[in-house]
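Step one of this worksheet: look at the structure below.
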Amino acid sequence: MTSQPTFRSYLVSVLALLLIGWGGIAALLFYSLPFVWARWGFFALGIMALTGTALPAVYFFHRRFPSEPPAMPNVIVRQALWFGVYAATLVWLQLGRLVSLYVILGLAGGLIAIEYFIRLREKANRVPPLISDDDPS
């Protein structure tokens, strides 16, 4: 059984994502006009900010409710990234007044299904049998 790394290994990533994401959003709000590239910058920086915000919570949930096999660091970062993409997409859609309950639930259901199938694939330990060409049977 492999042990999960401590939160200290995530600390630099969390601080970088938080500073760049939230600092960039603040700079965009104060120093730019709402043109196309500023909106795309808002979306990208929003993903970074929300991923950095969600990473400690995702790490805590994996420590509190361990799975078998334990979640590796790439799983924790990927799930925090899913949250960042989900929340930033909802904010992006809300700016255009395109969010409804069905969009919220459909987007969440789709991302949960994708993560479920990725985790299912990672948990599968099937190794195909080796077939030798020299075997007479």
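Every number in this text was worked out from the coordinates using simple rules, so none of it is lab data. Bear in mind that the values here come from a model prediction, so they are computed numbers and not experimental data. Using ideal geometry, Cβ is built from the backbone for each residue, glycine included, and neighbour counts are taken over all protein chains shown.
Points to keep in mind about this one:
- Rg/Rh for the chain, where both radii come from Cα atoms and Rh is the Kirkwood radius: 1.14
- Against the rule of thumb 2.2 N^0.38 Å, how large the Cα Rg of segment 70-131 comes out: 1.53
- Dipole check for the chain: with +1 at the C-beta of Lys and Arg, -1 at the C-beta of Asp and Glu, and the Cα centre as origin, the magnitude is about 640 Debye.
- Net charge over other residues, Cβ less than 12 angstrom from the Cβ of residue 115 (K, R count +1; D, E count -1): +2
- A Förster radius of 41 Å combined with the Cβ-Cβ distance from residue 60 to residue 131 puts the calculated FRET efficiency at roughly 0.35.
- Projecting the Cα positions of 99, 81, 26 onto the charge dipole of segment 8-123 (unit charges on Cβ atoms of Lys, Arg, Asp and Glu, taken about the Cα centre) puts 81 furthest along the positive direction.
- Other residues with beta-carbon under 12 Å from the beta-carbon of residue 82 carry, at +1 per Lys or Arg and -1 per Asp or Glu, a net charge of +1.
- Taking every DSSP helix (H) stretch of at least 4 residues in the chain, weighting each as -39,500 (n - 2.57) and dividing the sum by the residue count yields a mean residue ellipticity at 222 nm of -25500 deg cm²/dmol.
- Kyte-Doolittle mean at least 1.0, axial Cα span of 24 Å or more - DSSP H helices of the chain: 8-31, 73-95, 101-123
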